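Here the structure is laid out as structure tokens; the discussion comes afterwards.
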Amino acid sequence: MKKTPLYDIHCALGGKIIDFGGWELPVEYTGITEEHECVRNAAGLFDVSHMGEIAVKGPDATAFIQSLVTNDVAKAPDYKVIYSPMCYPDGGVVDDLLIYKYSSDEYLLVVNAANTDKDFDWITSNRTGSVDIANMSSYYAQFAIQGPKAQEILQKLTNFPLDEIKRYTFLPNIQLSATNAIVSRTGYTGEDGFEVYISAADAPDIWAKIMEAGREYGMVPVGLGARDTLRFEAALPLYGHEISAEITPLEAGLDKFVQMDKEDFIGKEALANQLAEGLKRKLVGVEMLAGGIPRNGYEVLAQGQKVGIVTTGNYAPHFKKSLALALIDIEYAEPGTSVEINIRGRQVPARVTGLNFYTKKYKK
């Protein structure tokens, strides 16, 4: 079992530790709903040091990454963060990642924790041109500070005007209480906020200082449970649920991150064929109309026949009702369509919605 540099701190804070993809991480501290609402209304601090970081450098770095991912990194300016799926030849998703572009010959790829080794192997096995690839995951610790008070709190640790960091941009040499950090205006909650990358050795000190800075604002530490309910309300995809080796980015509604007009990339032909033939299924939102909580893997029915499957379902704390994301046959994907969810043998009525449960509060 792996531990982040903050494991002892999580235990001291009363975090309920679980096995998450081979990592010992807190699922909650005081309760998922309380932590969720703190992020929506004030701020929360997340330890996401389990995420993977892969550095790609060299004169052919841009061309190489262009061949790996569906989005277009060549058009992005320096210090931009680009979200992109990375696909197999058949269009299924290897992973979704954040690409930190320092320059045309230097990138940092941030990948999902459980996929780090798989992604590193995939990236190195598809290497082209003159590039150096290094797994930097053990060097970095990563925190996410999210919520409407996030900027005010983090600003207390730096003289740099954080308002200058715009949505999906980053700066690599911000001084946080005399510690050098990468700071990006990104997150996984639907709220404004920042993700901070520092050396693992500096992690306990910076965590403590951020917590102290946030005390007057009611900021709390947040575990994996609320991280999932927050991203779910904002309809942000989770690998292995909304996207996977069996689900393409087009089916998951990630069309704007698939740039079909750029040069060839792995999976482009399969995705072009899927577009030409028309999607057979699509990710949608689902609102429960009666009691019961839909869970991952539950069947979606129409007139008693299976037409899809729940990818994520939960009680949504902000809305105080049960919602789901589901991959369903295209003819049932129109918002307003009546369906049922098979919850332990009960066919519970539900209604298809768009992927817009929560209005994201991102700062432009």
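Condition (residue is in contact (Cβ under 8 Å) with a residue 12 or more places away in the chain, outside any strand (DSSP E or B), in contact with a Ser or Thr (Cβ under 8 Å, 6 or more places away or on another chain) and over 29 Å from G267 (Cβ atoms)) applied to segment 42-53: is it met by at least one residue? So far as segment 42-53 goes, yes, one or more of its residues are in contact (Cβ under 8 Å) with a residue 12 or more places away in the chain, outside any strand (DSSP E or B), in contact with a Ser or Thr (Cβ under 8 Å, 6 or more places away or on another chain) and over 29 Å from G267 (Cβ atoms).
Assess whether V196 counts as being hydrophobic (A, V, I, L, M, F, W, C) and within 22 Å of L6 (Cα to Cα). So V196 fits the description; yes.
Inclusion of Y100 among residues that are among the hydroxyl-bearing types (S, T, Y), more than 30 Å from M219 (Cα to Cα) and surrounded by 15 or more Cβ atoms within 10 Å (Cβ to Cβ) is not warranted. Here the strands (runs of 3 or more DSSP E) wholly within segment 93-174 that include at least 2 residues being under 21 Å from Y362 (Cα atoms) and of a type in the set (A, V, I, L, M, F, W, C) are 93-103, 140-146. Looking only at segment 168-198, how many residues end up being surrounded by fewer than 19 Cβ atoms within 10 Å (Cβ to Cβ) and within 21 Å of A76 (Cα to Cα)? Selection size over segment 168-198: 4.
Every condition in (1) crowded, with 20+ Cβ neighbours inside 10 Å; (2) free of Cβ contacts under 8 Å to residues at least 12 places away in the same chain holds for Q305 except the one numbered (1).
Residues are listed down the side, and each one gets a yes or a no for (1) assigned by TED's automatic domain parsing to the domain that holds V27; (2) under 27 Å from Y88 (Cβ atoms); (3) in contact with a strand residue (DSSP E or B) (Cβ under 8 Å, 6 or more places away or on another chain):
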residue	(1), (2), (3)
W207	yes, no, yes
M219	yes, no, yes
T229	yes, no, yes
T248	no, yes, yes
E251	no, yes, yes
D261	no, yes, no
Q274	no, yes, no
M288	no, no, yes
I293	no, no, yes
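The single residue among L279, L275, L250, L355 that is among the hydrophobic types (A, V, I, L, M, F, W, C) and not in a loop (DSSP other than H, G, I, E, B) turns out to be L275.
No other residue among Y188, Y197 is at pLDDT 95 or above, in a loop (DSSP other than H, G, I, E, B) and among the aromatic types (F, W, Y) apart from Y188. Just so you know, in segment 160-185 the residues that are of a type in the set (G, A, S) and more than 20 Å from the chain's Cα centre (by Cα) include one that is nearest to R227 (Cα to Cα), and it is A181. For T124, the conditions (1) surrounded by fewer than 18 Cβ atoms within 10 Å (Cβ to Cβ); (2) within 23 Å of A55 (Cα to Cα); (3) touching an Asp or Glu at 6+ places or on another chain (Cβ under 9 Å) all hold with the exception of (3).
Scanning segment 1-41 for residues that are crowded, with 17+ Cβ neighbours inside 10 Å, assigned to a helix (DSSP H, G or I) and among the hydrophobic types (A, V, I, L, M, F, W, C), we see that the one that is nearest to the chain's Cα centre (by Cα) is V39. Within segment 214-223, the residues that satisfy the criterion of being in contact (Cβ under 8 Å) with a residue 12 or more places away in the chain and either surrounded by fewer than 20 Cβ atoms within 10 Å (Cβ to Cβ) or out of contact with any helix residue (DSSP H, G or I) (no Cβ under 9 Å at 6 or more places or on another chain) (or both) are Y217, G218. The single condition from (1) farther than 30 Å from E164 by Cβ; (2) touching a residue at least 24 places away in the same chain (Cβ under 8 Å) that K3 fails is (2). Residues in segment 191-240 that are of a type in the set (D, E) and more than 22 Å from P85 (Cβ to Cβ): E191, D192, D202, D205, E212, E216.
Under the condition of being surrounded by fewer than 19 Cβ atoms within 10 Å (Cβ to Cβ) and over 22 Å from G44 (Cβ atoms), which residue from segment 136-159 is farthest from the chain's Cα centre (by Cα)? Here the residue is N159.
Might you let me know whether segment 38-49 holds any residue that is assigned by TED's automatic domain parsing to the domain that holds A181, under 30 Å from D255 (Cβ atoms) and of a type in the set (D, E, K, R)? Yes, because at least one residue in segment 38-49 is assigned by TED's automatic domain parsing to the domain that holds A181, under 30 Å from D255 (Cβ atoms) and of a type in the set (D, E, K, R).
The values are calculated or read from the model by the stated rules, or taken from the named source; none is laboratory data. These figures come from a predicted structure and were not determined experimentally. Reconstructed Cβ throughout: ideal geometry from the backbone, glycine too, with neighbour counts over all protein chains shown.
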